[in-house]
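The values are calculated or read from the model by the stated rules, or taken from the named source; none is laboratory data. These figures come from a predicted structure and were not determined experimentally. In this analysis, Cβ positions are derived from the backbone assuming ideal geometry, glycine residues included, and neighbour counts consider all displayed protein chains.
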Amino acid sequence: MWHGRPVVIADNVSASDYISNGVDGFIVPAGNAEQVRRRVLELWEDPALAARMGEAARGKVARFYTHDQWKTRMQVLAALAFGQGR
């Protein structure tokens with residue numbers, strides 16, 4: 001996503017926390033290699049779709065997943081865990 005590419009990811013309990021299905025990537029059922037293949041081919045065969053989704057992916061990373069944002073979230077969580085946020 002950081003490199004402006006959409007992702008195809010197997011679904012698990014948290015995939016939708018990071019990927020907006022059909023917007024910045026595709027979430028496919030875990031263990032379904034055929035669905036992975038179809039989604040990869042869909043992106044390969046439609047460069048405009050891949051570019052749009054890649055741009056959305058890059059934008060999401062820049063807005064939510066930089067190192068500084070991660071560090072801030074960890075500091076907030078630590079403060080809450082140790083009572084400093086109360």
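Exactly one residue out of 40, 8, 13, 36 is among the aliphatic types (A, V, I, L, M) and at pLDDT below 95: that is 13.
Got a sec? Which of 58, 37, 5, 52 is in a helix (DSSP H, G or I), touching a residue at least 12 places away in the same chain (Cβ under 8 Å), of a type outside the set (A, V, I, L, M) and surrounded by 12 or more Cβ atoms within 10 Å (Cβ to Cβ)?
Details: 37 fails: touching a residue at least 12 places away in the same chain (Cβ under 8 Å); 5 fails: in a helix (DSSP H, G or I); 52 fails: touching a residue at least 12 places away in the same chain (Cβ under 8 Å).
After applying the criteria, what remains is 58.
Could you say whether any residue in the stretch 40-48 is farther than 17 Å from residue 1 by Cβ, of a type outside the set (Lys, Arg) and assigned to a loop (DSSP other than H, G, I, E, B)? Before you say what the answer is, go through the steps one by one.
Let us first name the residues in the stretch 40-48 that are farther than 17 Å from residue 1 by Cβ, namely 41-42, 44-48.
Still in the list and also of a type outside the set (Lys, Arg): 41-42, 44-48.
Now drop any that are not assigned to a loop (DSSP other than H, G, I, E, B), which leaves 46.
Checking the stretch 40-48: at least one residue is farther than 17 Å from residue 1 by Cβ, of a type outside the set (Lys, Arg) and assigned to a loop (DSSP other than H, G, I, E, B).
Taking the stretch 8-17 as the range and being surrounded by fewer than 17 Cβ atoms within 10 Å (Cβ to Cβ) and in contact with a helix residue (DSSP H, G or I) (Cβ under 9 Å, 6 or more places away or on another chain) as the test, only 10 passes.
Looking at 57, 51, which one is within 14 Å of the chain's Cα centre (by Cα) and closer than 14 Å to residue 1 by Cα? So that I can check it myself, show each step before the final result.
Values: 51 fails: within 14 Å of the chain's Cα centre (by Cα).
Only one candidate qualifies: 57.
Criterion first (surrounded by 16 or more Cβ atoms within 10 Å (Cβ to Cβ), assigned to a helix (DSSP H, G or I) and over 12 Å from the mean Cα position of the chain (by Cα)) does residue 73 satisfy it? Spelling it out, it is not the case that residue 73 is surrounded by 16 or more Cβ atoms within 10 Å (Cβ to Cβ), assigned to a helix (DSSP H, G or I) and over 12 Å from the mean Cα position of the chain (by Cα).
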